[in-house]
Amino acid sequence: MGVILTDELLANIDKCKLIDIRSVDAYNGWKENGEAKGGHIKGAKSLPYKWLHYIDWIEIVRNKGILPEDSLVIYGYDQEQVEEVAGQFEKAGYPDVTFFNSFSEWMGRDLPMEHLERYRQLVSAGWLNQLITTGGAAKFNNNEFVVCHVHYRNPSDYDEGHIPGAISMDTNSLESTETWNRRSPEELKEALENAGITHDTTVIVYGRFSFPNNDDQFPGSSAGHLGAMRAAFIMLYAGVKDVRILNGGLQSWMDSGYEITKVPTVNASVSFGVDIPQKPEIVVDLEGAKDILSSPENNLVCVRSWSEYIGEVSGYNYIEKKGRIPGAVFGDCGSDAYHMENYRNLDHTMREYHEVAEGWKKSGITPDKRNAFYCGTGWRGSEAFFNAWLMGWDKAAVFDGGWFEWSNNDLPFETGVPE
């Protein structure tokens, strides 16, 4: 192993593969080490040191397209960690590994950097802990914030342990239990006000992932962090100006060594303060979905598993019809209706955003188009939406009714592998 200096790296940056071993949050843009500028060196891949001790580490490396024939340059905050990762690469048969120990110089010289456009809306456990304990993690319009432990009809999920100060929020308070669409403006206003949330409140949402089982009567009860994405989307639609997601959900909080509590928190009722919705443009209803399908400049994106897309399964125990909406672009969530493996890392943090955008681009899903994401009833579509929205894709939306509404309206559908 050798060391590469800044000018040498600049001269050879197109010939090597940069590996950033800092946290996913530092990679996205958070300044976790007092640096003047956040983000990562342009073109770098995210491979946090935390993952080095996963049994699947080498699989993660290969899935990221990091190959033995690549010239690797590794950098991070901690030089010992950088050298440890470099050594692991060498043991795995990567012969050309060097490390860059002048990251601070790179930032100081204002050399090419990148960051997730809306990284502030995707927070780390450390940021949230600082906010809870000192109130000093960020500057807000006011001093009010609410942390929501989101679940679906499963209050025991909250009772068995949650982040201190978090309130319990059932997705049923935001979604209709008949259509699974967002509730009416009047119902949303009541639910948010009862939760102590105004349009000016900073809201941080998270959930617990407990390995959903499709044989359960209510599999979604174990997909809390996916439900949190849905709750965040509906809040954004309603008009909460500062909605944030805990990256990785409750798992990230526990991985960071922070305590959970069983002491409940109940907020006093407030007035939401503005009419609902404030962001109607991020929702597409049935007629809007038909309009998008008729326009070659836009995409209706199916965020479902391949088996759902080709009609082998419906994906849900309460949806009978199997198939896909004709003309919908495949957005590939993962294995089933309650998992999002292709949008998440193994620790449930959001996947490196460059990888998501690259995968979408192959299917014609690009930021210049109006992309309306849908799934069965809105959860997976909401998570895909947030991937796009966090990247600054302001034309992104969710087709709220999804396959559930489409299939219940006797509309055309397709099955089988598309030509």
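Residues in segment 244-284 that are among the small types (G, A, S), assigned to a loop (DSSP other than H, G, I, E, B) and either outside the structural domain of G227 (by TED's automatic domain parsing) or touching a helix residue (DSSP H, G or I) at 6+ places or on another chain (Cβ under 8 Å) (or both): G248, S256, S269, S271. With respect to (1) touching a residue at least 60 places away in the same chain (Cβ under 8 Å); (2) assigned to a loop (DSSP other than H, G, I, E, B), the lone exception for E178 is condition (1).
Being more than 18 Å from the chain's Cα centre (by Cα), more than 25 Å from R244 (Cα to Cα), in a loop (DSSP other than H, G, I, E, B) and not hydroxyl-bearing (S, T, Y) is a condition met by at least one residue of segment 345-368. The sole residue among G402, G378 that is farther than 23 Å from R120 by Cβ, buried (at least 21 other Cβ atoms within 10 Å of the Cβ) and touching an Asp or Glu at 6+ places or on another chain (Cβ under 6 Å) is G378. Within segment 287-312, being surrounded by fewer than 16 Cβ atoms within 10 Å (Cβ to Cβ) and touching a helix residue (DSSP H, G or I) at 6+ places or on another chain (Cβ under 8 Å) holds for no residue. The residues in segment 323-382 that are out of contact with any Phe, Trp or Tyr (no Cβ under 8 Å at 6 or more places or on another chain), modelled with pLDDT of 95 or more and hydroxyl-bearing (S, T, Y) can be counted, and the count is 3. If I ask for residues that are in contact (Cβ under 8 Å) with a residue 24 or more places away in the chain and hydrophobic (A, V, I, L, M, F, W, C), which ones from segment 1-23 would you list? The answer is M1, V3, I4, L5, L9, L10, I13, C16, L18, I19, I21. Report whether or not F211 is aromatic (F, W, Y), surrounded by fewer than 21 Cβ atoms within 10 Å (Cβ to Cβ), over 18 Å from the mean Cα position of the chain (by Cα) and over 22 Å from A397 (Cβ atoms). No. Applying the set (1) in contact with a strand residue (DSSP E or B) (Cβ under 6 Å, 6 or more places away or on another chain); (2) charged (D, E, K, R); (3) crowded, with 16+ Cβ neighbours inside 10 Å; (4) closer than 20 Å to R120 by Cα to R22 leaves exactly one unmet item: (1).
Where helices (runs of 4 or more DSSP H) fall wholly inside segment 26-119, the ranges with 3 or more residues that are within 17 Å of T349 (Cβ to Cβ) are 57-63.
The values are calculated or read from the model by the stated rules, or taken from the named source; none is laboratory data. Only a predicted model underlies this, so the values are computations on that prediction, with no experimental measurement involved. Glycine gets a Cβ as well: all are built from the backbone with ideal geometry, and neighbour counts include every protein chain shown.
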